[in-house]
Amino acid sequence: MFTGIVETVGTVLATKSEHGGSTILTISECGAVLGDAHDGDSISINGTCLTITSFTPEQFVVSVSPETLRRTNLGNLKDRGHVNLERAVSASTRMGGHFVQGHVDTTAEIVTVQPDGDCLTFRLRPKDSGILRYIVEKGYVTLDGASLTITKVDDLAGIFDVMLITYTQDKVVMSQKQSGEHVNVEVDMVGKYVEKSVTGYFDGMGDGSTGGNGVLEKLVARIVDERLKKKAD
């Protein structure tokens, strides 16, 4: 479990393809996250939860499976490239971001990068447009391991926006990316749990009872009443 608050940016020292399709990554210049490291610890690399297999005071090694390479942007990393890093949460960690699993749902292409004062607005198009049902304005999303706030969603166009303030620009790799590049996306897991619970509830109404329909009728009636009241005021 992670928070989406990037601790430091590491440098890709080496990438090595293994027989069987896995890739060995060596990440250097990251002593800030290795002071309490152990073999077998989880660490987030660009929002992907991986296992440290060996380390020194300034670098560590992980193995990336073929499935992870297909699902994330880690297969596109080049030597001397940069990655966001975060250790797994501890009991004393402040939850400054949100609950992040490190399980990437899909990647998204950066469509545009637009300055807004000293901030940067990124417009993104996810490879799997189905995740947009979990993307809501002012909600959370994790991009390359960084917890960010969604500023706009257009379901029909299949895009969403986020904004990087000056402080964040200096702390994450995304600020250096351009149109056409890709970021890892993990949606807020809360939305998935809510969807499954609601779907399960209404699926359970298939026995002929009217409980599910009754809930929907009350919800629609309440929304209509609220809209009519606003117009009357």
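Throughout, read-outs are computed from the coordinates displayed, never taken from laboratory work. Remember, it's a predicted structure, so these values are computed and weren't measured experimentally. Cβ atoms come from the backbone with ideal geometry, glycine included; neighbour counts cover every protein chain shown.
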Check: Which of the listed residues, 179, 32, 21, is farthest toward the dipole's positive end in the chain, when Lys, Arg count +1 and Asp, Glu count -1 at the beta-carbon?
Finding: 179
Note to self: Among 129, 54, 197, which one shows the highest mean-square fluctuation when the chain is modelled as a Gaussian network with alpha-carbon springs under 10 Å?
What the structure shows: 197
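Loop-only check: which trypsin sites (Lys or Arg not before Pro) in the stretch 1-82 are DSSP coil with at most 10 other Cβ within 10 angstrom? Let's see the in-between values first.
Working: sites: 16, 70, 71, 78, 80; in loops: 78, 80.
Taking the stretch 1-82 and a limit of 10 other Cβ atoms within 10 Å, the loop trypsin sites (Lys or Arg not before Pro) found are 78, 80.
Listing 94, 123 from the residue with the fewest other Cβ atoms within 10 Å to the one with the most, what is the order? Before the final figure, lay out each step's value.
Working: 94 8, 123 20.
Ordered from fewest to most neighbouring Cβ atoms within 10 Å, 94, 123 come out as 94, 123.
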Note to self: Restricting to Cα atoms and excluding each atom paired with itself, what does the Kirkwood estimate give for the stretch 85-167 in Å?
What the structure shows: 13.8
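Between their Cα atoms, which of 138/177; 16/177; 16/192; 138/229; 16/152; 16/138 are more than 32 Å away from each other? The partial results should precede the final answer.
On the way: 138/177 23 Å; 16/177 24 Å; 16/192 35 Å; 138/229 26 Å; 16/152 39 Å; 16/138 40 Å.
Going by Cα-Cα distance, 16/192; 16/152; 16/138 fall outside the 32 Å limit.
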Next item on the list: Just rank 55, 160, 99, fewest to most, by other beta-carbon atoms within 10 angstrom.
Entry: 99, 55, 160
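With runs of 4+ DSSP H residues as the only contributors, calculate the mean residue ellipticity of the chain at 222 nm using -39,500 (n - 2.57) per run, divided by the residue total and rounded to the nearest 500. Please report the intermediate quantities before stating the final value.
On the way: 4 runs with 47 residues, N = 233.
After summing the helix terms and dividing by residue count, I get -6000 deg cm²/dmol.
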Next item on the list: Taking the Cα atoms of the stretch 8-87, report the difference between the largest and smallest coordinate on each principal axis, in whole Å and largest first.
Entry: 31, 23, 19
Note to self: Just to be sure I understand: if I project the alpha-carbon convex hull of the chain onto a plane and average over all orientations, what area do I get in nm²?
What the structure shows: 17.6
Check: What base-10 log of the normalised intensity I(q)/I(0) is obtained for the stretch 38-124 from the Debye formula, alpha carbons as equal point scatterers, at q = 0.13, 0.14 Å⁻¹?
Finding: -0.57, -0.65
